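First comes the structure, then the notes that go with it.
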Amino acid sequence: MSEKRHYLFKSCVLGAYYPKVEECLRIVFDRLGIRYFDDPNQSSCTGHGYHSGIYPFKSTLEVNRRNFSLARDAGCDDIVTSCATSYATLKEVKNFLGDSIEVFHGSDVIHKNRDRIRGRLEHSLEGVRLVTHHGCHYAKIFYKDVKVGAPEHPMLLDEIAASLGAEVLEYKERGLCCGMGFRHLLLDQEYCKKIAERKLTSMKKVKPDLILVHCPGCLLTLDYFQAILEKETGVEFKIPVMHYAELTALLLGASPTEIGAAAHHTKIDRLIERIKG
Amino acid sequence: MAIGQESLSEVFEDPRIEEIGLRRCLQCGRCTGSCPATYVFSEFSPRTIVLEILEGRMDDLLKGDLIWACGQCYTCHLRCPRGNSPATVILVLRELALIHGYATDKVKEIAERCGRSMWERGVNFYEEGARELPVEAVADLQEALKKGEYDSFLKRIGADLS
């Protein structure tokens, strides 16, 4: 990972649905003194469209050749994404273009700095029991690059959560997709509901206070579909879901307004009150 | 040439296929056994999709709904003992289905909706007040998109960006 400034790669899902969560990686980096470049000219990597099958490979290559060039013009040797699909899409493009730029996920940076974060915490997750869900596009596509835990059992978020003071719980469907399914979220959503239900049901069995996710798409799916599933099946979930950058920013002292707590479909207010004491 | 045969050679010409073990598939079914989409849509099987390609039956695949059932979680890609990647193969098939006009109207509709958002604002999704690219950057992005033949792709699927 470069010691120079990182090229901060913004997510289109966060930008559209949780714009304040997008700010959280900046909040964390600012508090830790990690240098980054936030480029207004960076476009979407097209990853959501690409994995929906509605965006051609060749166009994806050219769009990201442009993004790589913007990063290099800004003097950055690496890109840090807030999204697991951006992470995988940029890595795939980098390999096909033979580009030397390095690609990291925001959680890699937070994990690397977890001891420094622990020293600056304004709140702790002491007494909070949580489950983690790692993005499939982080753990399963470039599986040889999973350095913490194993591709079938990544531990990156678990180690981050433990260093923040939480108790991390295992659950049976840990490796299952969140249910977002790309083209499924955009169209009929049957896949989203069935898979999210299976995932949330497995999580609920271990009674977590929080679901910690890795990716904007997983945040959206596990957050948004809880109320819909409750209406359709009568089963109540009401488990708060938070993105890793959002939780870290909160613990470093960011306010609920700063992290955009109000954008969540499944309320996170009570959990925040509990954490803030 | 029978319908689909041209597409069959296009599958093997795609640079993504060179990177994976499509021809090494031994039909063990580990992909289908691991697949969340098979759990939801019992008629969907990544193993069968790979078999159809290896046996040269492209027609039904491109015209049907099955290639659109995959949720792109890549569990098949992770677990395949032969380095094949059914999830990647499916992306190649989806692209061909759209280019050759076989995709359903619903799929064309989302391709057009997301395409418009990307072409005009540089993001896959846009909600009122959300981040979008500055005007000068959009012009620059459109040059990159043209280089990637995105404008001709949109034209082929009948997307009207005017």
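Coordinate-derived values only; no laboratory data. Remember, predicted model here, so these are calculated numbers, not experimental data. Positions of Cβ are generated from backbone atoms using ideal geometry, with glycine treated the same way; all protein chains shown enter the neighbour counts.
Observations
- Pairs from A:K140/B:K155; A:K231/A:K276; B:K106/B:K155 whose Cα-Cα separation, in the structure shown, is over 24 Å: A:K140/B:K155; A:K231/A:K276
- Chain A, relative contact order [Cα under 8 Å, separation at least 6], %: 21 percent
- In this Cβ point-charge picture (+1 for Lys and Arg, -1 for Asp and Glu), segment B:105-156 has a dipole of about 260 debye about its Cα centre.
- Segment A:133-220: GluC sites (Glu not before Pro) in DSSP coil with no more than 11 other Cβ atoms inside 10 Å: A:E170
- Of A:K147/B:K63; A:K147/B:K146; A:K10/B:K146, those spanning more than 32 Å from alpha-carbon to alpha-carbon: A:K147/B:K63; A:K147/B:K146
- Rounded, prolate or oblate (a/c below 1.5 giving rounded, otherwise prolate when a/b exceeds b/c) for segment B:105-156 by Cα gyration tensor: oblate
- Three-way shape call for segment A:114-276 based on the alpha-carbon gyration tensor, with the a/c threshold at 1.5: oblate
- Antiparallel content of DSSP bridges confined to chain A, in %, to 5: 10 percent
- Within segment B:16-75, the GluC sites (Glu not before Pro) that combine a DSSP coil assignment with at most 13 other C-beta atoms in a 10 angstrom radius are B:E43, B:E55.
- Averaged over the residues of peptide B:97-109, the number of Cβ atoms from other protein chains lying within 10 Å of each residue's Cβ is 2.
- Magnitude of the charge dipole, segment A:114-276, Cβ model with Lys/Arg +1 and Asp/Glu -1, debye to 20: 220 debye
- When you filter the GluC sites (Glu not before Pro) in segment B:81-162 for DSSP loop state and at most 12 other Cβ atoms inside 10 Å of their Cβ, you are left with B:E127, B:E128.
- Taking every alpha-carbon pair under 8 Å whose residues sit at least 6 apart, segment B:105-156 reaches a relative contact order of 27 percent.
- Between A:R274 and A:D78, the FRET efficiency estimated from the beta carbon spacing at R0 = 30 angstrom works out to 0.25.
- The protein assembly as shown: radius of gyration and largest Cα-Cα distance (Dmax), Å: 21.0, 72
- The slack in the chain from B:D105 to B:S152, taken as 0.36 nm per residue of separation less the alpha-carbon distance, amounts to 15.1 nm.
- At least 18 Å along the helix axis (C-alpha) and Kyte average at least 0.5, DSSP helices within chain B: B:86-99
- The overall shape of segment A:6-110, judged from the alpha-carbon gyration tensor, is oblate: a/c is not under 1.5, and a/b is no greater than b/c.
- Distant alpha-carbon pairs in chain B (separation over 28 angstrom), percent: 31 percent
- Most mobile listed residue (B:L98, B:L51, B:L62) in chain B, GNM with C-alpha springs under 10 Å: B:L51
- Under a 5 Å amide H cut-off, with hydrogens placed 1.01 Å from N, A:T132 pairs with A:L169, A:L212 among residues at least 5 apart or on other chains.
- When only the Cβ of Lys, Arg, Asp and Glu is charged (+1, +1, -1, -1), the dipole of the protein assembly as shown relative to its Cα centre reaches about 1080 debye.
- Anchor A:K207: lysines whose Cα lies under 19 Å away (excluding residues fewer than 8 positions away in-chain): A:K172, A:K199, A:K238, A:K267
- Partners for A:K20 among aspartates and glutamates (Cα-Cα distance below 14 Å; same-chain residues under 8 apart left out): A:E246, A:E258, B:E127
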